[in-house]
Every structure is written in C-alpha cells, then in structure tokens.
Amino acid sequence: MPPRTAPKAYQILAKTHQVTIFLTVPQTATIAFLKDEALSALTSRVATEDDSFPHVQSTSDFELARAVKEKEKTRSGVTYEALESNKAVRGLLTNWEVLYFQFRDEGNLMPVEVTQPSLLDDEEEEPPVNKGKRKALSE
C-alpha cells in the first residue's frame with residue numbers, strides 16, 4: 001500500500017468558552033491567516049449573539065495558542081503557548097489540531113477559558129457500576 005499523502009488543506013479547531021470554530025486552511029497559510037479566518041467567525045452575526053466571550057474587533061485582540069502538557073511530577077495540567085503570526089501552518093500544526101483563543105485585556109493575555117461539554121445528556125445518569133460476581137435477578 002502506498003504511503004498516505006499529506007492533505008493539501010488542514011482542518012483546524014479553535015476553541016474558546018463553549019464555542020468551537022472549524023477552520024479549513026491550506027498548508028502554506030500562516031498563523032496570521034488563521035487569525036483572520038478566526039476573526040471573521042468571531043465577528044459573525046451568530047457569534048456576536050453569544051455574550052459568553054469577549055468581543056473582538058481585530059486580530060490584535062487575541063492570540064491563537066496550543067496546549068502544552070506539563071510533564072513535571074509536581075505540576076499536572078496544561079499550559080498554553082501563543083503561536084507566532086509569521087509562522088507557516090506546515091510543520092507547526094497537524095491536521096485536526098485544536099487551538100485555543102487567548103484574548104487580550106488592556107494588552108495583557110488573559111488565561112484560556114474552555115468548557116468541555118459533557119458526553120452524557122443532562123437527564124442521562126451514569127449507570128451504576130457493579131463490581132464482583134453477578135447475582136441472579138430477583139423476580
């Protein structure tokens with residue numbers, strides 16, 4: 001079987017609060033181009049009806065960042081590193097990579113705020129876990 005060829009366009013997910021934006025960009029695009037596309041989505045009519053995240057007017061109001069997992073034993077969690085606008089997508093990102101918005105407040109980057117949705121419905125409860133041997137059902 002021949003090796004898989006790299007896609008000509010990448011699918012990139014950009015997340016903030018409870019919003020996920022899907023961006024399709026060519027590999028030759030830069031992070032600045034990604035930010036322009038993300039700004040277009042953030043300023044769309046649908047996004048502006050949601051007041052859960054800061055309103056932006058230009059690409060200087062936010063940065064796109066990637067998650068970096070901490071490997072130290074003393075600290076567990078995730079930190080975020082902002083991506084440089086002049087860097088190309090090829091070699092820096094992978095297809096279907098998840099990026100996060102870091103908004104600016106008076107020039108300073110605010111922490112990333114992302115809410116991961118529950119995999120269960122609100123009304124659905126987790127089934128009880130039975131450990132041990134099975135018992136005959138009583139009639």
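To keep it simple, each residue is scored yes or no on (1) at pLDDT below 95; (2) farther than 16 Å from Met110 by Cβ.
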| position | (1), (2) |
| --- | --- |
| Phe33 | no, yes |
| Ser40 | yes, yes |
| Thr43 | yes, yes |
| Val46 | yes, yes |
| Glu49 | yes, yes |
| Ser52 | yes, no |
| Ser60 | yes, no |
| Lys69 | yes, yes |
| Glu72 | yes, yes |
List pairs: first residue in region 93-117 and at pLDDT 90 or above, second residue of a type in the set (Gly, Ala, Ser) and outside any loop (DSSP other than H, G, I, E, B) anywhere in the structure, Cβ distance under 6 angstrom, at least six positions apart or on different chains. Leu99/Ala14; Tyr100/Ala65; Gln102/Ala65
Taking region 83-101 and keeping residues buried (at least 19 other Cβ atoms within 10 Å of the Cβ) and either among the aromatic types (Phe, Trp, Tyr) or assigned to a strand (DSSP E or B) (or both) leaves Leu93, Leu99, Tyr100, Phe101
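The values are calculated or read from the model by the stated rules, or taken from the named source; none is laboratory data. Computed from a prediction, not measured in an experiment: that's the story for all the values here. A quick note on method: Cβ atoms are made from the backbone with ideal geometry, for glycine too, and the neighbour counts reach across all protein chains shown.
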